[in-house]
Amino acid sequence: MTVLVVATGNPGKLKEMQSYLEGTPWQLQLKPPELDVEETGATFLENACLKASEIAKVTGEWAIADDSGLSVDALDGAPGIFSARYAEDDGARIDRLLMELGDRSDRGAQFVCAIAVANPQGEIVIQEEGIARGEILRDRQGSGGFGYDPIFYVPKVEKSYAEMTPEMKHQFSHRGLAFELVLPKLKLLEGD
Ligand code: IMP
C-alpha cells in the first residue's frame, strides 16, 4: 500500500474520495491539520495543482487534491473558483445566486471538478477535469446533498443533484466524471 495524502482537512471529502478509490492499493490519509495551502490560482485546475504539489513537498508523500465549484453561464462563470466564498453558508450562497440570476431565461451552468496528483517530489503527474452541465432552478428542489445541490438540475435525468441518490450523483456529477478520468491513470502509477 502506498500512502496518498488528501489535500483536505474535511473528513467528508476523505470519505468520498475513499469510495471512488476503493479496490486500489492507495492508502488515503488526511493532510496534517496545520498545513493550509492558499488557493491563489486563477482556475480550478491551478488550485488543485497548487494544493497537491505543496502537500506532497511538505509531507514527502504522494498527494491528491481537488478543487470544485459552480459556474453560471449568464453570470460570466460566477461564482466559479469563489463558490465556497460566495456567501457565509450554503443557504446564503444559494440565495445570492438566485438573486443575481433573477428571472433570466438563460439558466445554463456547469459544475467543475479539477483533480491533481503529485509525486513525493511535488511534481504534478495527473491533472484532470470533470464537467457536468445543467440548469439553475428558480427554487430549491430536493433535500439531499450539500452546497448548491438543491438548485442544480440535470435535464438528462430530470432531477436536481439534491434529488439524486449518492450512487446516481457519483455517476452524473463533475466529481464522478473527474475520478473516472483519474482512476485509470492512478492504477498505472501503482507499480512505480
Ligand atoms: P472546494 O472545497 O474548494 O472545492 O469548494 C467547493 C465549493 O463548491 C463548495 O463549497 C460548494 O459550495 C461547491 N460545490 C462543489 N461541489 C459541489 C457539489 O457536488 N454540490 C454542491 N456544491 C458543490
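The values are calculated or read from the model by the stated rules, or taken from the named source; none is laboratory data. Computed from a prediction, not measured in an experiment: that's the story for all the values here. Heads up, the Cβs are rebuilt from the backbone with ideal geometry, glycines too, and the neighbour counts pull from every protein chain shown.
Key figures for this structure:
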{"item": "Residue list for region 51-77, filter: hydrophobic (A, V, I, L, M, F, W, C), more than 8 Å from the ligand (Cβ to nearest atom) and surrounded by 19 or more Cβ atoms within 10 Å (Cβ to Cβ)", "result": "ALA52, ILE55, ALA56, TRP62, ALA63, ILE64, ALA65, VAL72"}
{"item": "Contacts under 6 angstrom Cβ, first residue in region 21-46 being closer than 30 Å to ALA78 by Cβ and part of a loop (DSSP other than H, G, I, E, B), partner more than 12 Å from the ligand (Cβ to nearest atom) and of a type outside the set (Lys, Arg), 6 or more apart", "result": "LYS31/VAL5; LYS31/ILE55; LEU35/VAL58; VAL37/GLU54"}
{"item": "GLN127 surrounded by fewer than 17 Cβ atoms within 10 Å (Cβ to Cβ) and not in a helix (DSSP H, G or I)", "result": "no"}
{"item": "Matching residues in region 173-192 - criterion: being of a type outside the set (Gly, Ala, Ser), under 14 Å from the mean Cα position of the chain (by Cα) and either in a strand (DSSP E or B) or buried (at least 18 other Cβ atoms within 10 Å of the Cβ) (or both)", "result": "HIS174, ARG175, LEU177, PHE179, VAL182"}
{"item": "Residue count for region 136-170, restricted to those that are within 13 Å of the ligand (Cβ to nearest atom), within 28 Å of THR24 (Cβ to Cβ), in a helix (DSSP H, G or I) and out of contact with any Asp or Glu (no Cβ under 7 Å at 6 or more places or on another chain)", "result": "5"}
{"item": "Unmet criterion (only one of (1) modelled with pLDDT of 95 or more; (2) farther than 20 Å from SER68 by Cα) for LYS156", "result": "(1)"}
{"item": "Residue that is modelled with the highest pLDDT, among those in region 1-15 that are surrounded by fewer than 18 Cβ atoms within 10 Å (Cβ to Cβ) and outside any loop (DSSP other than H, G, I, E, B)", "result": "VAL3"}
{"item": "Number of positions in region 29-55 that are basic (Lys, Arg) and at pLDDT below 95", "result": "1"}
{"item": "Hey, VAL125 without any contact (Cβ under 8 Å) to a residue 40 or more places away in the chain, aliphatic (A, V, I, L, M) and farther than 25 Å from TYR161 by Cα or not", "result": "no"}
